[in-house]
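So the structure is just underneath, and the comments pick up after that.
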């Protein structure tokens with residue numbers, strides 16, 4: 001089976017969406033299925049307002065049509081609700097082709113954190129975007145339940161994995177005062193990093209990642225160490241050298257970094273919110289508390305072996321199997337009748 005994934009998030013971006021798609025596609029090869037990507041690399045791009053490092057594509061209808069027809073896929077998955085995602089969605093509806101979608105990002109919260117636009121307006125647009133989808137793939141049971149309660153249809157579970165060949169315990173000394181409290185991810189307002197950086201903690205606060213808020217946070221919190229973006233073996237060694245992984249975000253739908261940290265032997269300290277609550281639940285591999293400092297200190301006592309064992313149960317092969325199962329349920333010779341009902345919707349998005 002050949003699956004075409006349309007995504008606005010792609011290299012050189014460093015985020016959970018890109019890592020999820022790349023790792024899942026690699027795992028799918030071993031299952032005999034082929035995954036091809038339709039990405040911003042095929043188009044001119046522009047910098048996203050308020051986030052200059054993030055570039056969005058400028059796809060035209062004919063370009064999108066040509067790339068889809070050239071790929072000749074058996075199934076189409078739209079991973080993001082951006083320009084590429086919208087244009088592929090429009091093509092599918094025009095040609096009465098069924099498709100699946102992914103819900104990776106809580107855009108309603110992200111937009112409201114950066115602008116005065118009400119969250120309910122953004123949720124309405126997201127609901128309309130995903131309405132024709134035959135399977136809206138969400139990462140956790142709690143997110144599945146929430147989307148259903150918000151009026152999303154055909155929501156299914158598609159969990160994530162971790163590469164334990166890369167992320168695993170090892171003896172590494174990064175020569176920083178212990179204990180080292182690590183946070184990895186995009187350095188942006190929606191990640192709530194101030195909640196971590198404001199804490200009175202012993203040892204060292206270490207931030208790995210880049211983003212629009214980095215310069216401002218470095219000025220405000222000179223006692224913290226900001227390493228910028230790190231990848232591959234270098235990132236894996238940083239994980240293994242630290243003592244606790246701190247996850248202050250309250251808006252992530254999953255948090256791949258949680259599994260990467262656990263696979264490296266790091267216990268989690270986080271707020272008891274969607275994302276960390278779904279990933280670790282009641283497992284003895286971290287501490288979830290509204291008092292983040294208390295969670296950080298208690299996490300120091302969590303056995304690293306328990307974290308590694310927990311992460312080992314989450315493989316990318318299992319994630320790929322579920323994704324392919326959902327994609328196989330969509331057949332081009334069985335078009336979704338309701339796809340033709342939302343012409344006015346497309347006109348609204350186009351405006």
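The values are calculated or read from the model by the stated rules, or taken from the named source; none is laboratory data. Predicted, not measured: the structure shown is a model, and the values here were computed from it. Neighbour counts are summed over all protein chains in view; Cβ atoms, including those assigned to glycine, are modelled from backbone coordinates with ideal geometry.
Points to keep in mind about this one:
- Identity of the residue in region 170-190, farther than 23 Å from residue 298 by Cβ and in the same structural domain as residue 209 (by TED's automatic domain parsing), that ends up surrounded by the fewest Cβ atoms within 10 Å (Cβ to Cβ): 189
- One residue stands out among those in region 150-159 that are under 15 Å from the mean Cα position of the chain (by Cα) and surrounded by fewer than 21 Cβ atoms within 10 Å (Cβ to Cβ): the one that is modelled with the lowest pLDDT, which is 159.
- Some residue of region 55-63 being in the same structural domain as residue 7 (by TED's automatic domain parsing), in a loop (DSSP other than H, G, I, E, B) and within 22 Å of the chain's Cα centre (by Cα): no
- Helices (runs of 4 or more DSSP H) within region 84-149 that include 2 or more residues under 21 Å from residue 38 (Cα atoms) and either in contact with a strand residue (DSSP E or B) (Cβ under 9 Å, 6 or more places away or on another chain) or modelled with pLDDT of 90 or more (or both): 119-130
- Some residue of region 55-66 being surrounded by fewer than 22 Cβ atoms within 10 Å (Cβ to Cβ), closer than 17 Å to residue 154 by Cα and in contact with a helix residue (DSSP H, G or I) (Cβ under 8 Å, 6 or more places away or on another chain): no
- Residues of region 9-36 satisfying the condition of being free of Cβ contacts under 8 Å to residues at least 60 places away in the same chain, more than 21 Å from residue 232 (Cα to Cα) and either in contact with a helix residue (DSSP H, G or I) (Cβ under 7 Å, 6 or more places away or on another chain) or assigned to a loop (DSSP other than H, G, I, E, B) (or both): 32, 35, 36
- Options 47, 71: the member that is more than 19 Å from the chain's Cα centre (by Cα), more than 29 Å from residue 167 (Cβ to Cβ) and in contact (Cβ under 8 Å) with a residue 24 or more places away in the chain: 71
- Looking across region 202-221, the residues that are farther than 20 Å from residue 295 by Cβ and either in contact with a helix residue (DSSP H, G or I) (Cβ under 9 Å, 6 or more places away or on another chain) or not assigned by TED's automatic domain parsing to the domain that holds residue 261 (or both) come down to 209, 211, 212, 213, 217, 220.
- Being under 28 Å from residue 303 (Cα atoms) and in contact (Cβ under 8 Å) with a residue 12 or more places away in the chain is a condition met by at least one residue of region 150-160.
- Enumeration of residues in region 191-200 that are surrounded by fewer than 17 Cβ atoms within 10 Å (Cβ to Cβ), in a loop (DSSP other than H, G, I, E, B) and touching a residue at least 40 places away in the same chain (Cβ under 8 Å): 200
- Of the set (1) in the same structural domain as residue 296 (by TED's automatic domain parsing); (2) part of a loop (DSSP other than H, G, I, E, B); (3) buried (at least 17 other Cβ atoms within 10 Å of the Cβ), all apply to residue 167 but (1).
- Sole exception among (1) modelled with pLDDT under 95; (2) surrounded by 19 or more Cβ atoms within 10 Å (Cβ to Cβ); (3) touching a strand residue (DSSP E or B) at 6+ places or on another chain (Cβ under 8 Å) for residue 267, by number: (1)
- Only one of the numbered conditions (1) over 16 Å from the mean Cα position of the chain (by Cα); (2) in a loop (DSSP other than H, G, I, E, B); (3) surrounded by fewer than 22 Cβ atoms within 10 Å (Cβ to Cβ) is violated by residue 305, and that is (2).
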